[in-house]
Amino acid sequence: MLESARSGDLEGFLVVVGRVVSDVNMVPPAVAKRLISSVQAAVMSMEKDTQLGIGQEVLNILQQRGANFEVQANAIRERLAVIHEERQNWSQAAAFYSAINPEVGNRGDPTEDDIERLLRIAFLYLNSDDVAAAEQFLMRAKSYVKVEVNRDYRICQARVQEAKKGFSNAAQQFYSLTTGLQGATKLYSADPLQWLARAVICAILAPAGEQRSKLLSRLYHDERCRDLEFFNVLERVHSQKLLKKEHIEVLSERVKLLDIKSEETQQVLDFATTEHNLLAVSVLYTSIKLESLADLLNISPQTAEAAVGDMICERRLSGKINQVEGLLELSKGREGEALHRGDVRFEKICQAADSCCEQLVSKYPHLMPS
């Protein structure tokens, strides 16, 4: 059998495998196990391209005997999954990992390898834009992981929220990954700046309102954000200034990297920037014609009126529409007040911290860096 594999006679190899499987009940179990293990070894020794084709054929043959050869079949599935993952064939890799039977050789609770595999499958399905499947495997893993310390689980969960356009939750979850104790990760980058950048973009895309403003204020005052290439955009958003074409172009490149379907990225970006710019207008104007507003935001009057109406109804914008005169009348609402109160509180905290540092340095001068 191994000679057939080495000589390149793959059809002959599959014929031999078929005979081994069909006649396995005619030999002692120990001999059968060695024969099937030889099949597994032969598949593993092939070139990767060949493994993908022959490996699937061998799995089809082994499945004829059900659970008899699950150990060897699982090993082949895992090998094929690894190859597909290396080639970024995400959905195929996820399918092979999903087919692995975790109960083989394990009659107790799931092992660390089983839990890691569930998270890896979720990771792969997220990469292939299958959010529903990813969420299903995350739910299975949740029963066995310590959520607060399992970094891979938390990142996958944040990505699911992002893919479902729950940008406020996603931003908070990504930001939490950059603070406190940093757990190990086997699936993702350990660089906290990567998740900080993701948190900022999600916060910018979140529905305009008080919650978004608080989150943006927290991010803006995080010194690490000044190292981000698009900090100037965060600064404008936090300050409730109009986003111009060049700022939107910067955001566009970042939004393309998120777990949002490619055909929806422009719609998501347009919606977020329109809502933000409406808030910015409310800071500059007390009243404005809907046609002028539409020109200012480079959108149609109908789109402008619909967006304003939604935000007013949801109490995310304070004002009213005079449809007879085509006029938007604005007033400073809870949004601006909440942002101001948040900044004042943060400033007081910073002043208290500075005072504390000065007292420490005056009492312990050796603490002052040279």
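The values are calculated or read from the model by the stated rules, or taken from the named source; none is laboratory data. Quick caveat, the model's predicted, so the values are computed rather than measured. Every residue, glycine among them, receives a Cβ derived from its backbone with ideal geometry; neighbour counts consider all protein chains shown. Areas reflect the complete protein model, heavy atoms only, side chains present, ligands, DNA and RNA absent. Shrake-Rupley method; radii C 1.70, N 1.55, O 1.52, S 1.80 Å.
If the requirement is being aliphatic (A, V, I, L, M) and open to solvent by 40 Å² or more (accessible area, probe 1.4 Å), which of these qualifies: ALA95, ALA42, ALA32?
Working: ALA42 fails: open to solvent by 40 Å² or more (accessible area, probe 1.4 Å); ALA32 fails: open to solvent by 40 Å² or more (accessible area, probe 1.4 Å).
Result of the check over ALA95, ALA42, ALA32: ALA95.
So in segment 134-157, with the set limited to residues that are more than 11 Å from the chain's Cα centre (by Cα) and of a type in the set (A, V, I, L, M), which one is nearest to ALA190 (Cα to Cα)?
At the first step, the residues of segment 134-157 found to be more than 11 Å from the chain's Cα centre (by Cα) are 135-151.
Filter again for of a type in the set (A, V, I, L, M), leaving 138-139, 141, 145, 147, 149.
Values: LEU138: 20, MET139: 23, ALA141: 21, VAL145: 19, VAL147: 17, VAL149: 14 Å.
Residue satisfying both the conditions and the ranking: VAL149.
Considering only segment 138-162, how many residues are open to solvent by 20 Å² or more (accessible area, probe 1.4 Å), part of a helix (DSSP H, G or I) and touching a helix residue (DSSP H, G or I) at 6+ places or on another chain (Cβ under 8 Å)?
5
Mind counting the residues in segment 212-256 that are among the polar types (S, T, N, Q), open to solvent by less than 50 Å² (accessible area, probe 1.4 Å) and out of contact with any Asp or Glu (no Cβ under 8 Å at 6 or more places or on another chain)? If you could, list the steps in order and put the result at the bottom.
At the first step, the residues of segment 212-256 found to be among the polar types (S, T, N, Q) are 213, 217, 232, 239-240, 252.
Then drop every residue that is not open to solvent by less than 50 Å² (accessible area, probe 1.4 Å), which leaves 213, 217, 240, 252.
Pick out the ones that are also out of contact with any Asp or Glu (no Cβ under 8 Å at 6 or more places or on another chain) and you get 240, 252.
Final tally of qualifying residues: 2.
Go through segment 197-212 and give me each residue that's within 20 Å of ALA158 (Cα to Cα), outside any loop (DSSP other than H, G, I, E, B) and modelled with pLDDT under 95.
GLN211, ARG212 - these are the residues of segment 197-212 that are within 20 Å of ALA158 (Cα to Cα), outside any loop (DSSP other than H, G, I, E, B) and modelled with pLDDT under 95.
Test LYS320 against the stated conditions and say whether it is modelled with pLDDT of 90 or more and either under 29 Å from SER168 (Cα atoms) or exposed (fewer than 11 other Cβ atoms within 10 Å of the Cβ) (or both).
Numbers: modelled with pLDDT of 90 or more: yes; either under 29 Å from SER168 (Cα atoms) or exposed (fewer than 11 other Cβ atoms within 10 Å of the Cβ) (or both): yes.
The answer is yes for LYS320.
Go over the candidates ALA199, ALA280 one by one and state the one that is crowded, with 19+ Cβ neighbours inside 10 Å and within 20 Å of GLN161 (Cα to Cα). Reasoning before the result, please.
Values: ALA280 fails: within 20 Å of GLN161 (Cα to Cα).
Selected residue: ALA199, the only one of ALA199, ALA280 that is crowded, with 19+ Cβ neighbours inside 10 Å and within 20 Å of GLN161 (Cα to Cα).
What are the pairs, 6+ residues apart or on separate chains, where a residue within segment 38-49 that is in contact (Cβ under 8 Å) with a residue 12 or more places away in the chain has its Cβ under 8 Å from a residue that is open to solvent by 80 Å² or more (accessible area, probe 1.4 Å) and in a helix (DSSP H, G or I)?
SER45/ARG6
Can you tell me which residues in segment 247-284 are under 18 Å from ARG316 (Cβ atoms) and small (Gly, Ala, Ser)? Before you say what the answer is, go through the steps one by one.
Restricting attention to segment 247-284, the residues satisfying the condition of being under 18 Å from ARG316 (Cβ atoms) are 268, 270-284.
Once the filter is applied, which keeps residues that are under 18 Å from ARG316 (Cβ atoms) and small (Gly, Ala, Ser), segment 247-284 yields ALA272, ALA280, SER282.
Only one residue in ARG120, ARG87 is surrounded by 21 or more Cβ atoms within 10 Å (Cβ to Cβ) and not aliphatic (A, V, I, L, M), so which one is that? Break it down into steps so the answer makes sense when it comes.
Numbers: ARG87 fails: surrounded by 21 or more Cβ atoms within 10 Å (Cβ to Cβ).
The conditions single out ARG120.
Assuming LEU367 fulfils every condition listed in (1) at pLDDT below 85; (2) hydrophobic (A, V, I, L, M, F, W, C); (3) surrounded by 14 or more Cβ atoms within 10 Å (Cβ to Cβ) apart from one, which condition is it?
Exception for LEU367: condition (3).
Would you confirm, using the coordinates I've provided, whether THR185 is of a type in the set (Ser, Thr, Tyr), free of Cβ contacts under 8 Å to residues at least 40 places away in the same chain and farther than 26 Å from TYR125 by Cβ?
On the way: of a type in the set (Ser, Thr, Tyr): yes; free of Cβ contacts under 8 Å to residues at least 40 places away in the same chain: yes; farther than 26 Å from TYR125 by Cβ: no.
For THR185, the condition - of a type in the set (Ser, Thr, Tyr), free of Cβ contacts under 8 Å to residues at least 40 places away in the same chain and farther than 26 Å from TYR125 by Cβ - is not met.
Could you say whether any residue in segment 46-56 is more than 16 Å from TYR125 (Cβ to Cβ), among the acidic types (Asp, Glu) and not in a helix (DSSP H, G or I)?
yes
Here are some residues: LEU219, LEU187. Which one is touching a helix residue (DSSP H, G or I) at 6+ places or on another chain (Cβ under 9 Å) and within 23 Å of LEU278 (Cβ to Cβ)? If you could, list the steps in order and put the result at the bottom.
Numbers: LEU187 fails: within 23 Å of LEU278 (Cβ to Cβ).
Result of the check over LEU219, LEU187: LEU219.
Would you tally the residues in segment 267-296 being over 19 Å from ALA199 (Cα atoms) and either free of Cβ contacts under 8 Å to residues at least 12 places away in the same chain or assigned to a helix (DSSP H, G or I) (or both)?
The initial filter retains those residues of segment 267-296 that are over 19 Å from ALA199 (Cα atoms), namely 267, 274, 277-296.
Then drop every residue that is not either free of Cβ contacts under 8 Å to residues at least 12 places away in the same chain or assigned to a helix (DSSP H, G or I) (or both), which leaves 267, 274, 277-284, 290-296.
The number of residues fulfilling the criteria is 17.
Okay, residues lined up against (1) at pLDDT 90 or above; (2) touching a helix residue (DSSP H, G or I) at 6+ places or on another chain (Cβ under 8 Å):
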{"site": "ASP23", "(1), (2)": "no, no"}
{"site": "ARG34", "(1), (2)": "no, no"}
{"site": "SER38", "(1), (2)": "no, yes"}
{"site": "ILE54", "(1), (2)": "yes, yes"}
{"site": "ALA75", "(1), (2)": "yes, yes"}
{"site": "HIS84", "(1), (2)": "yes, yes"}
